[in-house]
Amino acid sequence: MKTAARRKSYGVKGAPYALPSPTTTLKRARSAPYFFLVPATILFALFFALPIGYAVWLSFHKVKVSGLGLGAGARKEVWAGLENYTAAITDSELLDSALRVLGYGCIVVPVMLGLALLFALMLDAEKVRLAPFARLAIFLPYAIPGVVAALLWGFLYLPDVSPFYFVLDKLGLPQPDLLDGGPLYLALSNIAIWGGTGFNMIVIYTSLQAIPAEVYEAAKLDGATPLQIALKIKIPMVAPSLVLTFFFSIIATLQVFSEPTTLKPLTNSVSTTWSPLMKVYRDAFGTGDIYAAAAQAVIIAFVTLLLSFGFLRATNRRNKQEAAG
Amino acid sequence: MSSLAVQKVPSAAGATGAAQNRPPLRSRIALVPTITLLLGAVYCLLPVAWVVIASTKSGRELFSTFTFLPGTGFADNISDLNAYRDGVYWKWMSNSAFYAGLGALLSTCVSAFSGYALATYRFRGRETIFNVLLAGVLMPPIILAVPQYLLLAKADLTDSYWSVLLPQVLSPYGVYLSRIYAAAAVPGDVVEAGRMDGASEWRIFTRIALPMMVPGLVTVFLFQFVAVWNNFLLPYIMLSDDEKFPITLGLHTLLEQGANTPALYTLVITGAFLAVIPLVALFLVIQRFWSLDLLSGAVKS
Amino acid sequence: MPNAKRRRLSRVTATVVAVTLGGTALAACGSSDEDSEAQSGPVSLTYWTWTPGMDKVVDLWNKGPGKKDQITVTVKKQASGDTLVTKILTAHKAGKAPDLVQAEYQALPTLVSNDALADIAKNVGDAKSKFADGVWQQTTLGTDAVYAVPQDIGPMMFYYREDLFKKYGLTVPATWEQFAQTARALKKKAPDLDLTTFSANDSGLFAGLAQQAGAKWWTTSGDKWQVGINDAATKKVAEFWGGLVKEGAIDNQPMYTPAWNKALNTGKQIAWVSAVWAPGTLTTAAPDTEGKWAMAPLPQWSQSDNVTGSWGGSSTAVTTDSKHKEAAAKFAAWLNTDGDALNALAKEGGIYPASSSAQLSGAFTAPPAFFSNQPDFYNEAADIAKTTAPSAWGPNVNVAYTTFKDAFGAAAKNKSDFTVALDEMQADTVADMKKQGFEVSE
């Protein structure tokens, strides 16, 4: 009884996450949400806000060495104003890396999310076999630790050891250099798609699971095909999850680091500044200029803010319009 | 890579499926979804298979035999790994389990509180709080590691279990995910009915909302578990005592032993392979909670 | 235990409040200068090192001389690499660096310039006499101070496949000119094979080759640094390797990849310009070639020369954060000069000692197992080590090294002019030093 009542009531929501506000809001309910948010707020202040503040502080400073710079007191932290920022903006390396990442993102985001949605819908399809196996298999790459990644992809991408080149060779097919030029983008995208599809698939799949079966029943009785049900009912209902996966995929793309870092030792084609974040890492951990790195990170964060939150806003607005109209 | 997969699987599935009793089979199995999923599985498993196969190779075989040819050194690799510095690998493994297990549990709780509050209440500053929490992901973690270190150093907590655990409890991703799941799974009228019955807000959350959110929360738990399990940079900066290292960091020390000592490739690969097993086990346990019906005892018609 | 944890946790909260109130006070934390030196009573020291088996060597100290002096050392094993310097500097910024650190020679100026390393000149006794001058000089940075005690060195040598050299009628090159001819001769006889590769992923190799040619990348005169990365000697080296890559006489792919390992193992590459530690690397990279390699001195720039460079090698340093610098220095000196310690280091850690006398001691009477065909391996190695050219490191080697990887990586890939890449390296290094405020004259 209770279950049925509950099930009927959800699933028909227009806004991506907002619920209709309770009509009889009690006084205690006013303060309740703040209590629920206390742990997150404290943790945010400690481990995000403070470190971010410090990083921003760093971005306005630089080190000043006197003389040979040896011994105590030869090195001082001084105010740098916007120096680090102007240096970062005029740095062609940073701009080049941003352009590379843009190209990379144009491959990764649509393919990865397209596959994730496809797989999630297939997992949710009726009478599908081996779904638990496929679910685990597609998720598994996400669980492979990064420490073996360079070895792993070295063995699969380098012509002398790759089984795929072996097969191409045996078949007498051309053997493209995967680690240079255009194919390099495919090689990098492949790593990201391989590693990230399962993750996004699970997000969408879990949302699909929350849709009660009754919702489809009517459509089925009307003779809708599984494809129509997927397009007309399922996809709109998991829209919030799709927005979320998009949002985080944009961020992950702009902050791409591990894929090119993985291929770096294998080829001369990937420089230490291939992606913007690699440059940040190089400056912070390689060449020891954390001040410049912080300024670059702030710029990356700002661009990410524009793109990702811009996207969120746009989808929110559209949703509101749809809800209104 | 995918071309290989494309050739292999449909024919295999087709041989058993399409050839003989087509009509009954088609009605029992949805072919298109099944084949699509199998293709995806093959694509994803091929590189994973490399890790499994390479872990069976001895050091001698690793660079000399065909990449996908199994070797003969699995038992030796395991015993070498076991013997390395008196079994410190297992210490790393239990450290990782501790960081990831407790970290993901705390993270899931925090995400559940926040996601529930953001989804079911209307209050001043809701979107602002949500956006600020989300904005935490804008600053690349790479640049935050050093400030986080300096901060924890002030509290004298560096090189402790806390230093790896605490910064990873709040996950903006988890909060966002929980909000979506709470919005989809916890109907407003049920919350309202609870209030009518005079239940406290806390009670409504724990007794009514939380069970409904379980499928989403296990996903949050899974993601956060794997994220902590695979995190490298934070523990790298925070920890200096290799008895406290998680697996990622421990295996890294096997790769980077200085110019005098070559990388212990076989140990690293075997170690990475073994490290995947707990994650598979976790996944298998967790996937049982993805279906709401299982929990509510109903059957999906 | 739980109580202690709770106390620590409440401390975080307290500190956080303090930090928040203090605003950017976080940034102001530097190292404290107060020195509670030479107290009596037991002392315990922490030591960051990546050398395998170091805990066993340290046990010798803790049970022997350390026990007598009540100085206990605890090993905290680290991963080696450039990022370890950042980790040490980050810890130092918080005043939490360990008492002792292992540091590669080229990292010492960076660490000293950040005031992370203590001057232990007064505490290391007569350690200087145990090392060749060129080695010792790296730990003083040309000053009166001593910032570290040398641990291991990596004199460079030429490794080649004896059997394949015979098969293709090649002779071991004594000069670089002959080296180039050998590479060409091999290409003619076996176009699929390469003598070796020019790898842009390890800057240390190129630095060592430049050092052999007489390059002095960083020198000081008065209060000024002079940067000579694109000096004539280095240009010569860059032109030489760039020419070989361009004409296709050698390969241009990076080292240490699975493909490189396979090339060595299958005899697709038949020589390797490397250092004394090469046998260990070959053991894992090319296990099937055991007993087929031989080692010879590095080719020379002119027939009459007899000089080599170094690739790798590290030292033990005491940090300014240490509360027990004297005790730490005592341990560092013992570790790298005591006969038993060095024997254990060679046996457990596989290091090639910097201490001259240890280079011919017990552990080095037999050749490495992989080179059983060359019984006098370590005698020759010791002779070669004596010919190591002095090296000249500066405070931003990391910048030069990073630019090397990018500039030479691109040049090797495009088979373009290596000297252009070298100029880039010089320009980046000088620009970085100027930016930091160092006095530089080019």
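Some observations on this one:
- Hey, C:Asp152 assigned to a loop (DSSP other than H, G, I, E, B), touching a helix residue (DSSP H, G or I) at 6+ places or on another chain (Cβ under 9 Å) and not hydrophobic (A, V, I, L, M, F, W, C) or not: no
- Scan of the range C:56-76 for residues that are within 14 Å of chain B (Cβ to nearest Cβ), surrounded by fewer than 21 Cβ atoms within 10 Å (Cβ to Cβ), out of contact with any Asp or Glu (no Cβ under 7 Å at 6 or more places or on another chain) and assigned to a helix (DSSP H, G or I), ordered by number: C:Asp59
- Those residues of the range A:49-71 which are of a type outside the set (A, V, I, L, M, F, W, C), under 20 Å from A:Phe302 (Cβ atoms) and free of Cβ contacts under 8 Å to residues at least 60 places away in the same chain, in sequence order: A:Pro51, A:Gly53, A:Tyr54
- For the range C:331-347, the count of residues that are surrounded by fewer than 23 Cβ atoms within 10 Å (Cβ to Cβ), assigned by TED's automatic domain parsing to the domain that holds C:Trp50, closer than 19 Å to C:Val73 by Cβ and among the basic types (Lys, Arg) is at least one.
- Residues of the range C:296-315 satisfying the condition of being in a strand (DSSP E or B) and crowded, with 24+ Cβ neighbours inside 10 Å: C:Thr308, C:Ser310, C:Trp311, C:Gly312, C:Gly313, C:Ser314, C:Ser315
- Here the condition is being buried (at least 19 other Cβ atoms within 10 Å of the Cβ), in a helix (DSSP H, G or I) and more than 14 Å from chain C (Cβ to nearest Cβ); of B:Thr253, B:Thr270, B:Thr266, it holds for B:Thr270 alone.
- Top-ranked residue of the range C:257-302 - restricted to ones that are within 14 Å of C:Arg161 (Cβ to Cβ) and charged (D, E, K, R), ranked as nearest to the other protein chains (Cβ to nearest Cβ): C:Asp288
- Qualifying residue in the range B:204-223 (condition: part of a loop (DSSP other than H, G, I, E, B), touching a residue at least 12 places away in the same chain (Cβ under 8 Å) and either buried (at least 20 other Cβ atoms within 10 Å of the Cβ) or assigned by TED's automatic domain parsing to the domain that holds B:Phe113 (or both)): no
- The helices (runs of 4 or more DSSP H) found wholly in the range A:208-325 and carrying at least 3 residues that are over 25 Å from A:Ile144 (Cα atoms) occupy A:214-221, A:226-229, A:239-254, A:290-304, A:310-324.
- All positions within the range A:135-165 that are among the small types (Gly, Ala, Ser) and under 14 Å from B:Leu282 (Cα atoms): A:Ala137, A:Ala143
- The set of residues in the range B:78-135 being in contact with a helix residue (DSSP H, G or I) (Cβ under 8 Å, 6 or more places away or on another chain), closer than 24 Å to A:Leu46 by Cα and among the β-branched types (Val, Ile, Thr) consists of B:Thr108, B:Val110, B:Ile129, B:Val132.
- Flag for B:Thr56 being assigned to a helix (DSSP H, G or I) and either β-branched (Val, Ile, Thr) or facing chain A (nearest Cβ under 7 Å) (or both): no
- Screening B:Tyr84, B:Tyr99 for residues that are surrounded by 23 or more Cβ atoms within 10 Å (Cβ to Cβ) and touching a residue at least 24 places away in the same chain (Cβ under 8 Å) leaves exactly one candidate, B:Tyr99.
- Verdict on A:Leu113 being modelled with pLDDT of 95 or more, part of a helix (DSSP H, G or I), under 16 Å from the mean Cα position of the chain (by Cα) and on the phi < 0 side of the Ramachandran plot: yes
- Residue check for A:Gly154: touching a residue at least 60 places away in the same chain (Cβ under 8 Å), within 29 Å of the chain's Cα centre (by Cα), at positive phi and within 14 Å of chain C (Cβ to nearest Cβ): no
- Test: residue in the range C:273-286 that is hydroxyl-bearing (Ser, Thr, Tyr), under 30 Å from C:Thr140 (Cβ atoms) and not in a loop (DSSP other than H, G, I, E, B): yes
- Checked against (1) in a strand (DSSP E or B); (2) hydrophobic (A, V, I, L, M, F, W, C); (3) within 12 Å of chain B (Cβ to nearest Cβ), A:Val78 meets all criteria but (3).
- Taken over the range A:160-218, the criterion of being within 29 Å of the chain's Cα centre (by Cα), surrounded by fewer than 17 Cβ atoms within 10 Å (Cβ to Cβ) and either in contact (Cβ under 8 Å) with a residue 12 or more places away in the chain or closer than 13 Å to A:Leu115 by Cβ (or both) is satisfied by A:Asp177, A:Asp180, A:Gly181, A:Tyr185, A:Leu186.
- Subset of the range A:111-151 (residues that are within 7 Å of another protein chain (Cβ to nearest Cβ) and small (Gly, Ala, Ser)): A:Ala125, A:Ala131, A:Ala134, A:Ala137, A:Ala143, A:Gly146
- Hits in the range C:211-222 - residues which are outside any strand (DSSP E or B), in contact with a Ser or Thr (Cβ under 9 Å, 6 or more places away or on another chain) and either farther than 11 Å from C:Ala392 by Cα or not assigned by TED's automatic domain parsing to the domain that holds C:Pro299 (or both): C:Gln212, C:Ala213
- Residues being away from chain C (no Cβ under 11 Å), of a type outside the set (Gly, Ala, Ser) and part of a loop (DSSP other than H, G, I, E, B) - total across the range B:125-179: 6
- Pair list, Cβ under 6 Å, 6 or more apart: the range C:416-433 residue touching a residue at least 60 places away in the same chain (Cβ under 8 Å), other residue part of a helix (DSSP H, G or I) and of a type in the set (S, T, N, Q): C:Met425/C:Thr403
- Subset of the range C:45-69 (residues that are over 20 Å from C:Gly349 (Cβ atoms) and in contact with a helix residue (DSSP H, G or I) (Cβ under 9 Å, 6 or more places away or on another chain)): C:Lys67, C:Asp69
- Pairs are defined by a Cβ separation below 7 Å, a sequence spacing of at least 6 or placement on different chains, a first member in the range A:246-263 that is over 12 Å from A:Ser189 (Cβ atoms), and a second member that is outside any helix (DSSP H, G or I); the pairs so defined are A:Ile251/B:Val137; A:Gln255/B:Pro140; A:Phe257/A:Ser275.
- Within the set C:Ser322, C:Ser314, the sole residue that is more than 12 Å from chain B (Cβ to nearest Cβ) and either modelled with pLDDT under 95 or on the phi < 0 side of the Ramachandran plot (or both) turns out to be C:Ser322.
- Residue in the range C:97-115 that is free of Cβ contacts under 8 Å to residues at least 40 places away in the same chain and out of contact with any His (no Cβ under 7 Å at 6 or more places or on another chain) present: no
The values are calculated or read from the model by the stated rules, or taken from the named source; none is laboratory data. Since the model is a prediction, treat every value here as computed from it, not as a measurement. FYI the Cβ positions are ideal-geometry reconstructions off the backbone, even for glycines, and counts take in every protein chain you see.
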